[in-house]
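The values are calculated or read from the model by the stated rules, or taken from the named source; none is laboratory data. Small disclaimer: the values here were computed from a predicted structure and weren't measured. Note: ideal-geometry Cβ built from the backbone for every residue, glycine included; neighbour counts use all protein chains shown. The accessibility values were calculated without ligands, DNA or RNA, using every heavy atom of the protein model including side chains. Shrake-Rupley method; radii C 1.70, N 1.55, O 1.52, S 1.80 Å.
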Amino acid sequence: KSSKREWKPLEDHSCTDVPWLLLFILFCIGMGFICGFSIATGAAARLLSGYDSYGNICGQKNVKVEGIVNSGLDLTHKKYVFFLDPCNIDLVHQRIKSLALCVSACPRKELKTLADIQKFAETNGSTLCSYELQPSEYTTDPRAAKLCPKYPVPESAPIPFFHRCAPVNISCYAKFAEALITFVSDSSVLHRLISGVMTSKEIIMGLCLLSLVLSMILMVIIRYISRVLVWILTILVILGSLGGTGVLWWLYAKQRISASAVETQIAKENLQALLIYAISATVFTVILFLIMLIMRKRVALTIALFHVAGKVFIHLPLLVFQPFWTFFVLILFWTYWITVLLFLGTTGSPVPNEEGFVEFRMVGPLKYMWWYHVVGLIWISEFILACQQMTVAGAVVTYYFTREKRNLPFTPILASVNRLVCYHLGTVAKGSFIITLVKIPRMILMYIHTQLKGKENACARCMLKACICCLWCLEKCLTYLNQNAYTATAINSTNFCTSAKDAFVILVENALRVAAINTVGDFMLFLGKVLIVCSTGLAGIMLLNYQRDYTIWVLPLIIVCLFAFLVAHCFLSIYEMVVDVLFLCFAIDTKYNDGSPGREFYMDKVLMEFVENSRKSMKEAGRGGGAEGRELKPM
């Protein structure tokens, strides 16, 4: 049986889940086909150069669209898209609802009358009215009211790389911004918020750097204060539960004495509520004490693992930079994905709409390409994150199962990346695909819930939320199991299913230890995130308080705190990942080795001390003996 077979760490490397790697490569080729198709059909040119309401691409010669007037024009010298009413924004479809024309230059100053528009056309050669009107007809032709821009025409400038004329003053977009930012009630508040961010941008950048430094310092400090920190948290939880229960019973006794003098319905209801709260708190405290009593020895393992994790970061300092390259790769992929999505929005065949203008729509099976594109976003994003998990697992496994730490590879991280690329990309593709299969139905249900908000009955709403919650829990469980499967693959070079089964058996056999590590350890790391956010926020309040150039600095502070939490989460999640990998290695080590000659432990001295103390406790309790009582010799 796979659970009984011998584990041979780092002794053999072989390719795993090759069919899944081939499937992933074919899927990526499909993603590339979508990009190539959208570029070949002119979507890239329409997105970058822009096009008018008649289907003409600005800055080039165009082909006549059947049934559309003003199409097929030579607009070689008209390179910019100009909207006659740029402030007429459709909030439902999130687009500018206005006639678009190609012009040779954007109006660099406000034009207040038709005479100013005519003078601008004669001076700059840029006609801002529809193509069928000549500049000499702007002030005389009655059609000018509909075919010329709404005046006053705001000062505008071209958007870099996208050749669109955009108003310099963004006040006309305040309504759109208010729809996105619900707490902004008027444009003046929005302007003050934006000015606050722009004025304090140096402070924001400095505070973001501070959060980065604090996160790195905390990762070093946790190693030295892990023992003290865990027990401090334990004592605080015990005192808090006891104090809360005591206060509730004291309030109940006090209310009961006072209620005996004044018998009112409100007093009776309050007394009854206090009794329920006090009983609930007592039950919670008793359960909490029992859990801590059961897990008190497992807490020691958590402390030891955190201490060893600190040593791992000292021997493998490049682990600290894993969030950076993962974030960088994700940003590159997301940029590509958004670009192709914009291409898809302008690809297809020209079709007249109800207003007589041209829209580009895909027909037939091609209109479902964006579904494929969305699946690609989820699968490839999960693949990138899984590559990080496999890289970290491979490096930590190399550290753990190398007896002499001075014999470690020069760069275990790069060695782990090399093993990932050469042997285990198929395993990563399969694991990320499983997460994708769970994530997509959850996102579909969330979309349905959003669309039916206020329309469905209470029962349907409850069922939708329950399904979303169940899928979320399943996704979290599978993510945790995947991470341990990657560790098993890094140890034994087995395929995904075998690794997942082996890891699951080990985790079930150490269920209480897993619970202790995932409660105490995660709570410690959560407090670390809170500490970094609070420290950065406090520094932000002190620095921003000295700024007098703007009115509101709430938004800069929110930006800084969100960034601080993101940075702390990225760094401490790597720490959590290292602890989880160390635990699985420790569980395998203790299961298949006993410290005897030929079966020596691989573990660190700190973990050996934990095992030795555990065996001594068992021996004193009358449950030790034989091999259980051997003295452990560190290698």
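Remark on residue 361: its backbone amide H falls under 5 Å from those of 349, 351, a criterion applied only to residues 5 or more positions apart or on other chains, H modelled at 1.01 Å from N. Taken along its principal axes, the alpha carbon cloud of the range 396-528 reaches lengths of 65, 34, 29 Å, longest axis first.
The alpha carbon centroids of the range 443-489 and the range 373-400 are separated by 22 Å. In this view, the solvent-accessible surface of residue 137, computed with a 1.4 Å probe and all protein chains in place, comes to about 60 Å². The 3J(HN,Hα) values that the Karplus relation (6.51, -1.76, 1.60; θ = phi - 60°) gives for the range 340-352 are, in residue order, 5, 4, 5, 4, 5, x, 10, 8, x, 9, x, 10, x Hz. Gly and Pro appear as x. Based on protein heavy atoms only, the range 440-550 ends up with 54 Å² per residue of surface accessible to a 1.4 Å probe. The simple Förster model, with R0 at 35 Å and r as the Cβ-Cβ distance, assigns residue 357 and residue 77 a FRET efficiency of 0.95.
Sorting check: for 378-386, 246-254, which peptide has the highest mean count of neighbouring beta carbons within 10 Å, and how do the rest follow?
378-386, 246-254
Counting heavy atoms of the protein chains alone, residue 575 has an accessible area of about 0 Å² for a 1.4 Å probe. With 24 Å as the limit on Cα-Cα distance, the pairs of 150/367; 112/146; 439/465; 465/501; 78/367; 311/529 that go past it are 150/367; 465/501; 78/367. Under the simplified labelling scheme, the residue 60-residue 527 pair shows an inter-label distance of 6.2 nm, with each label point 7 Å from Cα along Cα→Cβ.
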